[in-house]
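A short write-up of the structure that comes next.
The values are calculated or read from the model by the stated rules, or taken from the named source; none is laboratory data. Predicted model, so just to flag it, every value in this text is computed and none were measured. Glycine also receives a Cβ, built like all others from the backbone with ideal geometry; neighbour counts cover every protein chain displayed. To get the accessible areas, we keep the full protein, side chains included, count just its heavy atoms, and leave off ligands, DNA and RNA. Shrake-Rupley method; radii C 1.70, N 1.55, O 1.52, S 1.80 Å.
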Amino acid sequence: MAQLKVSREEKGFGLRSGHRIPAVGLGTWRAGSQASDSVFTAILQAGYRHIDTAWQYGVQEEVGHSIQAALQAGIERKDLFVTSKIWCTELSPDRVRPALMNTLQELKLDYLDLYLIHWPFRLKEGADRPPKAGDILDFDMEGVWREMENLVKDKLVRDIGICNFTLSKLNKLLSFAQIMPSVCQMEMHPGWRNDKILEACKRNGIHVTAYSPLGSQEGRDLIHDPLVQMIAGKLNKSPGQVLVKWAIQRGTSVIPKSGNPDRIKENIMVFDWEIPEQDFQALCHITDQKRVLDGEELFVNKAEGPFRSVADVWDHED
Ligand code: NDP
Ligand code: 1BO
């Protein structure tokens with residue numbers, strides 16, 4: 001895997017639309033009651049300009065509150081990059097625009113920088129976890145994407161994209177997209193490199209954002225991985241910084257979540273130093289590769305329905 005240099009001045013990556021995405025953003029999944037303070041700290045004290053949220057996280061109002069506070073403190077809207085995601089229950093063409101309008105209202109914004117399809121599966125409202133028979137509905141990917149494209153045409157969102165796609169779903173989308181996805185957001189860290197989708201996105205000019213870059217909460221404990229710790233010690237950086245920097249050196253933007261002010265600040269202090277090639281490559285060769293977010297709880301019903309296993313969710317591509 002070749003490394004990619006991120007512009008030191010911009011600290012971001014260009015999108016095919018001509019817009020730029022900041023290299024480091026703040027994740028807000030499971031931020032709960034800390035969301036508002038975290039976003040405030042991130043923007044006004046740590047210098048983040050990229051916030052990643054989603055309707056499903058239930059924190060958009062708190063995120064919006066702190067974005068407003070940042071704007072009132074003098075940060076310009078054009079300098080922020082705000083991402084949100086459409087949830088599975090809204091994945092029918094007639095529900096796309098109302099879902100976006102609700103998200104804009106919660107965030108107190110008049111446009112989003114990036115709107116993503118959160119997962120490429122349509123769930124019935126009130127679907128159980130795991131889903132029962134009939135909870136997973138047909139997903140009209142083309143009809144939904146057309147409506148996402150219309151949001152761009154109407155300047156309600158600047159870029160559109162996808163999350164949790166497989167190669168076969170990506171190819172299907174590319175066969176009818178009139179506006180290409182600018183960004184594909186996927187789980188990526190040294191314990192789940194996800195190389196195939198990264199390469200496919202690069203071939204198609206789609207920028208990739210790495211989610212769960214630290215292995216996620218109660219996921220994979222990469223912070224205490226001996227290799228990560230060894231490299232962190234050698235570079236006099238924290239394990240979290242090494243994981244964030246590894247993602248950037250792969251050419252991906254990255255959205256670590258933290259509710260702790262010190263860790264929020266630490267996670268963005270990843271510029272003006274590099275992981276040396278040998279250490280970068282060592283992190284690229286961890287053999288125990290496994291997803292943390294495999295979608296089992298959300299989509300798998302072993303007895304009935306379209307997804308009887310995690311392999312079904314991922315189109316048997318792993
Ligand atoms: P991360 O990999 O960002 O890990 C978050 C965990 O790491 C938290 O427990 C946090 O604790 C801890 N942490 C943060 N910084 C450090 C540090 N420097 N040292 C040690 N521990 C640290 O997990 P997420 O799964 O939250 O992923 C990040 C973001 O990606 C999400 O918040 C969300 O915005 C997005 N995402 C998108 C998905 C999608 O389907 N599109 C799926 C999953 C995530 P603490 O808060 O106490 O610091
Ligand atoms: C269930 C949502 C996963 C985090 O984006």
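List of remarks:
- Annotation for the range 50-60: no member residue is away from ligand 2 (no atom under 16 Å from the Cβ) and farther than 27 Å from W192 by Cα.
- When the test is whether a residue is within 14 Å of ligand 1 (Cβ to nearest atom) and surrounded by 15 or more Cβ atoms within 10 Å (Cβ to Cβ), V300 does not pass it.
- Selection count, the range 107-166, where residues are part of a strand (DSSP E or B), away from ligand 2 (no atom under 16 Å from the Cβ) and more than 18 Å from the chain's Cα centre (by Cα): 1
- Look at (1) within 16 Å of ligand 1 (Cβ to nearest atom); (2) modelled with pLDDT of 95 or more; (3) over 20 Å from R16 (Cβ atoms) and you find that C184 fails only one, number (3).
- Scoring W29 on the criteria (1) in a helix (DSSP H, G or I); (2) within 15 Å of ligand 1 (Cβ to nearest atom); (3) under 25 Å from H19 (Cβ atoms) leaves a single failure, condition (1).
Yes/no matrix, rows are residues, columns are (1) among the aliphatic types (A, V, I, L, M); (2) within 16 Å of ligand 2 (Cβ to nearest atom); (3) open to solvent by less than 60 Å² (accessible area, probe 1.4 Å); (4) more than 19 Å from the chain's Cα centre (by Cα):
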site	(1), (2), (3), (4)
L26	yes, yes, yes, no
A46	yes, no, yes, yes
K78	no, no, no, yes
I86	yes, yes, yes, no
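- So Q278, is it part of a helix (DSSP H, G or I), polar (S, T, N, Q), within 12 Å of ligand 1 (Cβ to nearest atom) and open to solvent by 70 Å² or more (accessible area, probe 1.4 Å): no
- E218 at pLDDT below 95 and open to solvent by 10 Å² or more (accessible area, probe 1.4 Å): yes
- Taking the range 219-275 as the range and being without any contact (Cβ under 8 Å) to a residue 24 or more places away in the chain and either in contact with a Lys or Arg (Cβ under 7 Å, 6 or more places away or on another chain) or among the small types (G, A, S) (or both) as the test, the residues that pass are A232, G233.
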